[in-house]
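Reading through the structure tokens given below for one structure.
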Amino acid sequence: MTIKGSVESISFRNEDNGFTVLTVSVPGQKDQMTCVGSFASVVEGDYLEMEGEMVRHPMYGEQLSVKSYRATEPEDAASMELYLGSGAIKGIGKSLAARIIKAFGDDTFRVIEEEPEKLVSIKGISERIAFSIATQFEDLRGQRRSMMFLQQYGISGNLAIKIYKQFGPDMYNIIQDNPYILAEKISGIGFKTADSIASRAGISANSEYRIRAGVAYTLSESTSGGHTYLPYDELISRSANILGVSSEEVSNQVDRLLVEKKLIMNFDEEGGKCIYLSAFFFMEFNVARILKDLAAYDHTGINDIAQRIASVEKELGLKLDELQKKAVTQAAVSGVFILTGGPGTGKTTTINAIIRFFEDLGLDILLAAPTGRAAKRIYETTGREASTIHRLLELKVSGENMDQSRNSGFVFERNADNPLEADVVIIDEMSMVDISLMNALLKAVSVGTRLILVGDVNQLPSVGPGNVLKDIINSGAFSVTTLNTIFRQDFASDIIVNAHRINAGEQLILNNKSKDFFLLRRDNAQKIIQETISMVGDRLPRYIGAKPFDIQVLTPMRKGDLGVENLNNALQETLNPASKAKREKEYRDTVFREGDKVMQIRNNYQLEWEVRSKRGFLADSGSGVFNGDSGVITAVNTFSSTMEVMFDDDRRVDYPFQNLDELELAYAVTVHKSQGSEYPAVVIPLLSGPSMLFSRNILYTAVTRARKCVMLIGTDEIISSMIKNIGEQKRYSGLKARIVEL
């Protein structure tokens with residue numbers, strides 16, 4: 001059956017899936033009708049045409065189960081009164097709406113639109129208010145018309161409003177001629193959404209607009225695999241496969257995009273053609289240029305470096321080896337210096353010596369790392385304040401170009417016009433820094449400032465695009481010291497020794513005679529899960545004197561029996577079971593409960609945070625929560641529909657329930673997500689999986705996350721095969737080539 005009516009009230013809405021219970025006033029019917037179904041952004045006063053069937057709910061009685069609906073214009077005075085009194089137009093409440101309808105009846109909307117001056121005859125409406133009502137009404141009517149128009153293309157709600165606000169009346173021609181413009185201009189609309197609209201609009205699969213947009217989409221998607229470009233032939237084949245068109249058609253459009261400078265072509269070391277989105281080419285070029293400018297600055301004017309190093313050794317009560325002394329010397333005389341080395345090779349000792357060396361010269365030093373946890377580790381090991389790179393660059397939400405996207409409208413206040421005020425900038429955990437963040441950082445470092453980059457080049461590369469640390473080192477253009485002598489915890493630490501064996505491709509001696517490195521042999525997934533729970537919940541905390549929450553489970557995979565998702569559900573049941581004392585929120589397939597460990601899984605530059613003192617006073621505040629930030633749920637507030645998370649660096653963030661797709665449970669995390677972190681102990685369940693995930697550097701990175709204990713659970717065979725597997729997913733990155741060119 002089909003009914004038309006005005007939405008009187010909304011009694012329930014599930015923000016996760018849009019399921020809504022509302023009451024509707026139907027012209028000619030005395031009683032209101034209850035309607036249930038999935039409604040996108042319907043508000044009180046909306047006039048809807050709905051199709052569905054009457055059903056009887058055992059508790060709530062007869063309801064219309066709505067299968068489809070569309071918004072239409074109110075057709076009578078009663079419906080118009082409901083709409084005007086709904087609060088949609090600022091300045092009109094229910095009583096004023098009633099007076100307007102009483103005066104103009106079914107002609108009300110025409111009067112507001114064409115003769116707003118007549119509204120002045122209504123008590124309480126001045127000339128200024130009358131024209132404000134007309135302006136708002138026209139804007140809302142434009143939005144409503146756009147939403148009704150866009151419904152036929154599968155678009156509704158906030159996206160429709162964003163399209164209307166961006167393009168106004170031009171949106172009608174854009175939708176029908178080239179909807180791929182939406183993917184370029186509207187955050188929240190990607191190629192697939194635009195392609196779906198184009199299909200409904202009857203645009204050919206071979207349209208040049210579609211192919212050009214598909215090429216840009218292919219390049220953009222490749223960045224999720226760490227690439228900053230794609231080889232020409234690979235771009236053609238990938239794009240043709242995604243679009244379902246011929247390689248020749250794609251090649252023609254790629255060539256046109258290159259002529260129009262919308263894509264940029266360069267060459268790899270073998271002379272092969274590399275195709276970039278222009279933004280990534282210029283990021284690489286800019287990083288290379290600034291690094292060369294910083295390196296060219298003359299810092300050789302320091303006298304008696306050897307004596308100063310001896311003084312530093314005495315002050316700190318340590319003895320540096322020759323490589324470490326070389327590192328301090330190179331840091332002193334170089335504009336750009338890279339310190340690399342595996343675990344236990346003395347990187348922290350060397351950094352402390354470098355810091356003291358520069359402090360004795362009276363130089364200002366800034367320290368930072370990609371994540372809050374890594375920055376906190378710098379403070380713990382050096383005693384000096386450190387921040388995330390984002391905070392160092394003073395990330396701010398911008399009022400310009402703001403839209404409803406959660407990841408737009410931000411700026412770094414430290415940039416070329418407002419550089420960092422420091423003589424020395426030291427960045428740790430550089431393997432995690434992608435090309436975009438490196439570009440932003442270097443813009444804020446002025447020539448004459450020493451830049452010191454510290455990291456383990458054998459760890460996994462950044463989650464984001466680029467291979468920054470490795471490319472800088474491999475370019476051969478900058479001073480590099482690679483530490484290779486094991487110092488940390490002397491030779492009693494099998495974590496350190498075995499990490500170096502893994503990196504060297506040597507098989508491990510797993511006889512369980514170690515004090516801190518074990519293999520619990522199990523060859524069945526369910527038994528491995530049981531042992532993992534036992535280790536985290538009881539045995540390892542007692543063994544190393546830690547809390548269960550301090551033990552981190554690391555796995556290469558997201559899916560499968562031993563993937564993050566399944567392990568988190570199992571660990572949550574043991575470590576933080578359901579309780580009447582703990583509030584929780586179910587979001588999609590995850591139950592978030594007070595006390596749960598969670599992790600942010602994408603950058604959100606607009607989420608606001610604050611740090612409070614022990615007495616509750618505001619100590620600091622800002623915006624931006626980033627991929628990999630970890631914390632604990634401290635409160636679930638169903639009244640305000642928010643969830644509070646306390647992150648490791650003491651930042652408190654209130655998450656609106658609709659943002660919970662940015663969080664996941666973190667009792668178990670992927671090895672990739674653990675980069676930059678260090679835990680008292682790690683449990684690594686391993687059985688089988690894709691070879692690209694069961695590789696040497698995955699195992700190396702996982703093992704090097706532990707301070708006191710590594711517990712492998714699986715088989716000798718899988719560990720042996722991971723050590724042998726040196727295959728890494730190929731990353732197309734041109735930073736090395738840009739540096740060499742310069």
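The values are calculated or read from the model by the stated rules, or taken from the named source; none is laboratory data. Computed from a predicted model, the values in this text were never measured in an experiment. Neighbour counts run over all protein chains shown; Cβ positions are idealised from the backbone, glycine included. All accessible areas refer to the heavy atoms of the entire protein, side chains included, with ligands and DNA or RNA removed. Shrake-Rupley method; radii C 1.70, N 1.55, O 1.52, S 1.80 Å.
Distance between the 7 Å Cα→Cβ label points at residue 658 and residue 90: 1.9 nm. Legend: calculated FRET efficiency, residue 4 to residue 106, from the Cβ-Cβ distance at R0 = 25 Å, rounded to 0.05, equals 0.95. Here's the picture: charge each Lys and Arg Cβ at +1 and each Asp and Glu Cβ at -1 in the chain, and of 71, 676, 154 the one pushed furthest to the positive end of that dipole is 676.
For segment 509-642, the share of accessible area belonging to carbon and sulfur comes to 47 percent (1.4 Å probe, ligands and nucleic acids excluded).
Per residue, the solvent-accessible area of segment 334-466 (1.4 Å probe, heavy atoms of protein chains only, all protein chains present) comes to 35 Å². Along its three principal directions, the equivalent ellipsoid of segment 481-619 from the Cα gyration tensor extends over semi-axes of 33, 23, 17 Å, largest first. Scaling the Cα radius of gyration of segment 299-343 by the globular reference 2.2 N^0.38 Å produces a ratio of 1.20. Just in segment 445-525: which trypsin sites (Lys or Arg not before Pro) are loop by DSSP and have at most 11 other Cβ atoms within 10 Å? Here the trypsin sites (Lys or Arg not before Pro) that fit, given the DSSP loop and packing criteria, are 513.
Stretching residue 273 away from residue 221 to a fully extended chain increases their span by 16.8 nm, per 0.36 nm per residue minus the current alpha-carbon distance. Once the Cβ-Cβ distance of residue 544 and residue 423 is raised to the sixth power relative to R0 = 30 Å, the FRET efficiency obtained is 0.15. Note on residue 614: lysines with a C-alpha under 27 Å away, same-chain residues under 8 apart excluded, are 376, 396, 547, 582, 597.
Extension gain, residue 730 to residue 569, is 54.7 nm, computed as 0.36 nm per intervening residue step minus the present C-alpha separation. Relative protection proxy for 411-420, 453-462, from highest mean packing down: 453-462, 411-420 (other beta-carbon atoms within 10 angstrom). Computed over the chain, the alpha-carbon pair-distance distribution with 20 angstrom bins reads 14, 40, 33, 12, 1, each value a whole percent.
The residue among 83, 14, 26 whose Cα reaches farthest toward the positive pole of the charge dipole of segment 1-103, with charges on the beta-carbon of Lys, Arg, Asp and Glu, is 83.
Full extension of the chain between residue 148 and residue 446 yields a length gain of 102.0 nm, computed as 0.36 nm times the residue separation minus the alpha carbon distance.
For residue 515, go through the aspartates and glutamates and keep the ones whose alpha-carbon is under 14 Å away, minus same-chain ones fewer than eight residues off. Those aspartates and glutamates meeting the cut-off are 490, 494. Taking 28 Å as the cut-off for C-alpha to C-alpha distance, list the pairs among 165/262; 185/292; 527/730; 162/262; 347/559 that go past it. Check vs 28 Å cut-off fails for 185/292; 527/730; 347/559.
Secondary structure note: in the chain, about 65% of the DSSP beta bridges are antiparallel. Restriction of the trypsin sites (Lys or Arg not before Pro) in segment 250-289 to DSSP coil positions whose beta-carbon has at most 14 other beta-carbons within 10 angstrom yields 261, 262.
Taking amide H positions as placed 1.01 Å from N in the peptide plane, with prolines and chain starts having none, which residues 5 or more places from residue 679, or on another chain, fall under 5 Å of its amide H? It is 706, 707, by chain and number. Mind grabbing the base-10 log of I(q)/I(0) for segment 210-295 at q = 0.15, 0.18, 0.20, 0.23 Å⁻¹? Debye formula, identical points on the C-alpha positions, no solvent, two decimal places. With one equal scatterer per Cα and no solvent, log10 I(q)/I(0) is -0.54, -0.74, -0.89, -1.12. A Stokes-Einstein calculation at 4 °C with viscosity 1.567 mPa s, built on the Kirkwood radius of segment 13-138 over Cα pairs, returns a diffusion coefficient of 81 µm²/s. Of the trypsin sites (Lys or Arg not before Pro) in segment 551-644, the ones in a loop by DSSP (not H, G, I, E or B) with at most 12 other beta carbons within 10 Å are 559, 580, 588, 614, 615. Sequence-distant or interchain residues sharing an amide H contact under 5 Å with residue 26, placed H: which? Close amide H contacts, sequence-distant or interchain: 33.
Per residue, segment 9-158 exposes 52 Å² of accessible surface when a 1.4 Å probe is rolled over the protein heavy atoms with every protein chain present. Counting only protein heavy atoms and a 1.4 Å probe, segment 612-742 has 38 square angstrom of accessible area per residue. Give the share of C-alpha pairs in each 5 angstrom bin for segment 232-350, from 0 to the last occupied bin, in whole percents, shortest bins first. Histogramming segment 232-350 at 5 Å steps yields 2, 9, 13, 12, 11, 8, 7, 7, 8, 8, 6, 5, 3, 1, 0 percent. For segment 664-735 and segment 216-231, compute the distance between their C-alpha centroids and round to whole Å. Taking the Cα centre of segment 216-231 as reference, the centre of segment 664-735 is 24 Å away. Annotation: lysines with alpha-carbon distance below 21 angstrom to residue 102 (same-chain offsets under eight excluded): 30, 90, 94, 118, 123.
Between residue 76 and residue 298, the distance separating the two model label sites (each 7 Å from Cα on the Cα→Cβ line) works out to 9.0 nm.
A Förster radius of 56 Å combined with the Cβ-Cβ distance from residue 173 to residue 385 puts the calculated FRET efficiency at roughly 0.50.
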